[in-house]
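One structure is given here, and the rest of the page talks about it.
The values are calculated or read from the model by the stated rules, or taken from the named source; none is laboratory data. Quantities reported herein were computed from a predicted structural model and do not represent experimental measurements. Here the Cβ positions follow ideal geometry from the backbone for every residue, glycine too, while neighbour counts run over all protein chains shown. For the accessible areas, the whole protein counts, side chains as well, though only heavy atoms, and no ligand, DNA or RNA atoms are used. Shrake-Rupley method; radii C 1.70, N 1.55, O 1.52, S 1.80 Å.
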Amino acid sequence: MAEDRVYQTLIIEDEYPARMLMIDYIMNCPELQLAGIAEDGNKAVELLHEKDFDLVFVDINLPGFSGMDVIRRVDKENTFFILTTAYSEYAVEAFDLDALDYLLKPFSYERFRKAVEKAIKFLKEKEQPKSTNNSSTQLTFVSESTTYILPFSNIHYLSSNHKSSIIHTEQKDYETSKLLKELEEKLPQNQFLRIHKSFLVNVDWISSLRYDKGGAYIIQLKNEDETVLPVGRVYANALKEKLGLR
């Protein structure tokens, strides 16, 4: 990755003095480029749907949608938020929404800079190329404050559940805060295949592939429950090729 990477940044702030301070802070960070400003929640949601931003500084108390509502209404995997507010009671909810940091007003440039450095470290880690030859034989994840280590062969399929994922095995199902895309990057591509925007499947557990009503495909697994899963149209050809049906 190039060293001169500059991150596209959005300010969402309704108060003029706070907005000008944020502009000044961002202009003093060479890694950040101010790419947008919104003064209310409605405009913020509109901008976030129109354009891709790497990092968003969002005030919680806004006209229109609140900062929390803005985050809930924008589902982009590569856009990350730092919340700003004068009220400390929102901290827990902020981190429940996977905010990278929480700046309590009034904050200094030093505190702002610390949040930026934390965010850039996270963004760089996300951008690191993932090896397609995963030599690991197991998946490590956290579920309900417990760290689990599961052999890939024990995992039947994985499903998306809003901002979390569920890992399905013969013994039980595990819910984790990781997004399906994040888990997909940890799994061997020769064994796990995306068959739907909401499902990843261990191809070793597929027992059959057949047409469903309307010409769509469905698969059945050879687990005890004989689980049936839909196959998205855009994923059907890759699945048939993987199963040697093309």
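Out of curiosity, is L150 touching a Ser or Thr at 6+ places or on another chain (Cβ under 7 Å) and either at pLDDT 90 or above or not small (G, A, S) (or both)? Yes, satisfied. Contact annotation: residue pairs with Cβ atoms under 9 Å, 6 or more positions apart or on different chains, pairing a residue in region 102-113 that is within 18 Å of D14 (Cα to Cα) and open to solvent by 50 Å² or more (accessible area, probe 1.4 Å) with a partner that is assigned to a helix (DSSP H, G or I) and charged (D, E, K, R), are L104/R111. Among the residues of region 206-246, those that are open to solvent by 60 Å² or more (accessible area, probe 1.4 Å) and either touching a residue at least 60 places away in the same chain (Cβ under 8 Å) or part of a helix (DSSP H, G or I) (or both) comprise K213, G214, R233, V234, Y235, N237, E241, K242.
Within region 21-39, at least one residue is more than 15 Å from L62 (Cβ to Cβ), open to solvent by 70 Å² or more (accessible area, probe 1.4 Å), modelled with pLDDT of 95 or more and in a strand (DSSP E or B). Scanning region 48-90 for residues that are farther than 22 Å from K163 by Cα and of a type in the set (A, V, I, L, M), we see that the one that is most open to solvent (accessible area, probe 1.4 Å) is A86.
Residue check: is E182 among the acidic types (D, E) and farther than 24 Å from T79 by Cβ? Spelling it out, it is not the case that E182 is among the acidic types (D, E) and farther than 24 Å from T79 by Cβ.
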